[in-house]
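Everything on this sheet refers to the single structure shown next.
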Amino acid sequence: MLRPKLRAVVRNGKRTVREVIRSELLLLAHEGRGNDEIAGILHINRDTVLRVKKRFVQGGVDRAIHDSPRDGDSLSNTAMMQRPR
């Protein structure tokens with residue numbers, strides 16, 4: 001069940017780069033690759049590997065792949081308010 005869901009994320013063209021990288025990270029971890037090896041393959045920081053794996057353990061695939069909603073104005077609203085008139 002885990003692998004098909006992750007493969008679908010990687011293949012679907014309507015995902016963010018972060019979601020694809022996190023999915024690939026979990027697939028490589030599932031294959032038994034080490035943290036340093038995963039970081040090297042995906043050209044990401046080892047801390048990112050550890051953080052995504054921790055989120056997976058705490059909340060499953062969806063928690064590991066997707067960003068949590070954030071408080072505050074969206075970037076577009078903030079940028080519009082700061083634009084000089």
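Please work out if residue 41 is in contact with a Ser or Thr (Cβ under 7 Å, 6 or more places away or on another chain) and either modelled with pLDDT under 95 or not hydroxyl-bearing (Ser, Thr, Tyr) (or both). Spell out how you get there, then give the answer.
Values: in contact with a Ser or Thr (Cβ under 7 Å, 6 or more places away or on another chain): no; either modelled with pLDDT under 95 or not hydroxyl-bearing (Ser, Thr, Tyr) (or both): yes.
Spelling it out, it is not the case that residue 41 is in contact with a Ser or Thr (Cβ under 7 Å, 6 or more places away or on another chain) and either modelled with pLDDT under 95 or not hydroxyl-bearing (Ser, Thr, Tyr) (or both).
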Answer yes if at least one residue in the range 13-33 is modelled with pLDDT of 95 or more, outside any helix (DSSP H, G or I) and either among the aliphatic types (A, V, I, L, M) or within 11 Å of the chain's Cα centre (by Cα) (or both), and no otherwise. no
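The values are calculated or read from the model by the stated rules, or taken from the named source; none is laboratory data. Fair warning: this is a prediction, and the values are worked out from it, not measured in the lab. Here the Cβ is made from the backbone with ideal geometry for all residues, glycine too, and neighbour counts use every protein chain on show.
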